[in-house]
Amino acid sequence: MPKRAKSILESNEILLPIIQQAHESIVVVDEEQKIIFFNQGAEYTFGYSAAEILNQPLEILLPDSVAKVHQAHVRDFVQSPDQARLMGEQREILGRRKDGSLFPAEANITKVSYNGKPLLAAILRDITKRKQAEESSNRMVAIVASSDDAIIGKDLNSIVTHWNFGAEKIFGYAADEIVGTSIVRLIPVERQSEESQILRQIKLGKSIEHFETVRQTKDGRRIDVSITVSPIKDATGKVIGVSKIARDITKDKQAEIALQQTNEKLQTLVAELERHNLESALLKEMSDLLQACTSTEEAYRTIKHVGPRLFPASIGALYLRSPSRNDLDTVLTWGDFPQDQSAQIFEAANCWALRRGRPHKIDALCVGLPCRSMPASHKGLCIPMIAQGESLGTLYLYGKTESDASPFNEQMATTASEQIALALANLNLRETLRNQSIVDPLTALFNRRYMTETLSREFKRAERSQRPLSLIMLDIDHFKKINDTFGHEAGDAILREFGKFLKTNTRVGDVACRFGGEEFVLILPETQLEDAQQKAEELREKIHYIATSFQGQSLGNITSSFGVATYPTHATAPEALLHAADTALYRAKAEGRDRVVTAESASTG
């Protein structure tokens, strides 16, 4: 240490080690503002060693403000040396380190007079960390004050102690209106138990994060909020208060609900699209199947199969006009259709759908106008089936339950009805044309063409199965005499009655045909010769009792002659079997008529 500095402190040798090792920076300057003392604390703070800084000007370390204080002190001392005394002041200044960086410092500046010399001693404390903490605290206060979230402090009795501007914006209360009052005023009555539950958690030192609930504003509105609650602790860790952050999530909730509703609508639309696609596929499937059907019975089975899939929430039935066109007959049903209605016949004149020529819906408006027995409380739909300008009948649907608001898709039901009507009309036309080609119009028996096809088919079947096939050919005796005596119209009347007789007296599976004129053929599959002979005898006897009359005039009793032949006894080919029966018939006529004659065996023929 220089001689000059040592002389200053030579009377304080006991204090010198303490001052040297103090954490604070202690700097002393003389009347020329030269540094004459620089302790270890100053060396650590400023980065200079004592050897580097002693006798250097003070302005290296401290700004002009401290130098000006010393200049005033020296001036006062020169003017009034006797009045100079120990004087001090405290201020915040900036210090400059060896590396040129500045730092805030708290300085105690002491002006002294020593041995007739004015000195200045500065005790400095680096307050960088304190300033940073203050800045951080100020920033936090600014953030809290300007936050859009409600930041609320309260004590353990739920009394509000802090209320930021965000809380004022969200809840509508100014700070002076609510600070010092209970937070419970923000909580709806039915939710006030939440506060005690929250306090129990806080007192245990636990936090609650993002708890979604409902709170009430000053004007009575209810808003959705998300709250995070944390305990406030003192230095010992004791919980002394509560910090609460509340965020208004009403718009988020509304957006969430709107999104959910949009998703639900989208799901509904997707479901509707899927249902529409399924319905379209089912309608196409039904249309394809109906077009492939070869008979109305097959079409009925198809409709009964597809109907429950098309209308799963409905009970259905198909009604068709009877041949008289006056009634509607039940041809098929599906679902739990009432048994007492499944075979009912309704008058077509009572059907609102047919009368109006459009679908008739049974709902609240028409509940008193049902066209047939049905649960009046269930929704129903009756659709007329019209094709090629002809009314065929109705497709009838009604809900399985009273609560089902839409048990059927009316548009799809109408489309299905149109497809069914068109398919049935085509089948009816096809069957009509087919009947015209294979049925004799006078007797309603199969014609010769159909007989030839059937005999060939049954003959092949008999060959494959090694079973017998019998043929009966019969002829009305003296038919020419009837025509000559009573006229051809009377003869036609006898032929019609004869056709009815044969239809009534043949088995299912037997085929009765008009061969031509007054000759007829019966094809008897899987029938032995003896059984065919017996059948012919039964028919011959019953023919005697056919009552014939024309325009009120009796035509008398008729008789018939029969020829019987059987495969393989009498022939091994269809034409040969027919020839054998025909030959036997002529023998019966030659032998006196009204008798049954069996063909001769093939070996003797």
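The values are calculated or read from the model by the stated rules, or taken from the named source; none is laboratory data. This structure is a prediction, so every number in the text was calculated from the model and none was measured. Positions of Cβ are backbone-derived with ideal geometry, glycine not excepted, and every protein chain shown enters the neighbour counts.
One line per residue, one yes/no per condition, for (1) more than 60 Å from the chain's Cα centre (by Cα); (2) crowded, with 16+ Cβ neighbours inside 10 Å:
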position	(1), (2)
GLY95	yes, yes
GLY100	yes, no
ARG130	yes, no
GLU135	no, no
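Of the strands (runs of 3 or more DSSP E) entirely within the stretch 517-605, none holds at least 2 residues that are among the charged types (D, E, K, R) and within 26 Å of ALA493 (Cβ to Cβ).
Residues that are closer than 16 Å to MET385 by Cβ, assigned to a helix (DSSP H, G or I) and of a type outside the set (D, E, K, R) within the stretch 264-312 comprise LEU283, MET286, SER287, LEU290, THR296, ALA299, TYR300, THR302, ILE303, VAL306, GLY307, LEU310, listed in sequence order.
Residues that are under 33 Å from the mean Cα position of the chain (by Cα) and among the β-branched types (Val, Ile, Thr): does the stretch 221-232 have at least one? For the stretch 221-232, residues under 33 Å from the mean Cα position of the chain (by Cα) and among the β-branched types (Val, Ile, Thr): present. Just one of (1) surrounded by 15 or more Cβ atoms within 10 Å (Cβ to Cβ); (2) in contact with a strand residue (DSSP E or B) (Cβ under 8 Å, 6 or more places away or on another chain); (3) at pLDDT 75 or above fails for VAL144. It is (3). Within the stretch 499-506, can one find any residue that is in a strand (DSSP E or B) and touching a residue at least 12 places away in the same chain (Cβ under 8 Å)? Looking through the stretch 499-506, none of the residues is in a strand (DSSP E or B) and touching a residue at least 12 places away in the same chain (Cβ under 8 Å). Within the stretch 215-260, restricting attention to residues that are free of Cβ contacts under 8 Å to residues at least 60 places away in the same chain and acidic (Asp, Glu), the residue that is farthest from LYS203 (Cα to Cα) is GLU256. Could you tell me whether ARG96 is modelled with pLDDT of 90 or more and closer than 21 Å to GLY47 by Cα? Yes, satisfied. Are any residues in the stretch 211-242 touching a strand residue (DSSP E or B) at 6+ places or on another chain (Cβ under 8 Å) and of a type in the set (A, V, I, L, M, F, W, C), and if so, which ones? Listed by number, the residues that qualify are PHE211, VAL214, ILE223, VAL225, ILE227, VAL229, ILE232, VAL239, ILE240, VAL242.
Quick grid of which residues meet (1) at pLDDT below 85; (2) assigned to a helix (DSSP H, G or I):
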{"residue": "ASN55", "(1), (2)": "no, no"}
{"residue": "ALA67", "(1), (2)": "yes, yes"}
{"residue": "GLU89", "(1), (2)": "yes, no"}
{"residue": "ARG125", "(1), (2)": "no, no"}
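Each row is one residue, and each column tells you yes or no for (1) hydroxyl-bearing (Ser, Thr, Tyr); (2) within 16 Å of LEU578 (Cα to Cα); (3) over 60 Å from the mean Cα position of the chain (by Cα); (4) not assigned by TED's automatic domain parsing to the domain that holds GLY563.
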{"site": "PRO468", "(1), (2), (3), (4)": "no, yes, yes, no"}
{"site": "HIS478", "(1), (2), (3), (4)": "no, no, yes, no"}
{"site": "THR485", "(1), (2), (3), (4)": "yes, no, yes, no"}
{"site": "ALA493", "(1), (2), (3), (4)": "no, no, yes, no"}
{"site": "LYS500", "(1), (2), (3), (4)": "no, no, yes, no"}
{"site": "CYS513", "(1), (2), (3), (4)": "no, yes, yes, no"}
{"site": "PRO525", "(1), (2), (3), (4)": "no, yes, no, no"}
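Among the residues of the stretch 199-251, those identified as aliphatic (A, V, I, L, M) and more than 23 Å from GLY172 (Cα to Cα) are LEU199, ILE202, LEU204, ILE208, ILE232, ALA235, VAL239, ILE240.
Kindly list, by first and then second residue, each pair from a residue in the stretch 576-591 that is farther than 14 Å from ALA536 by Cβ to a residue that is in a helix (DSSP H, G or I) and β-branched (Val, Ile, Thr), limited to pairs with Cβ atoms under 9 Å and residues at least 6 apart or on different chains. Listed pairs, sorted by first residue: LEU578/THR452.
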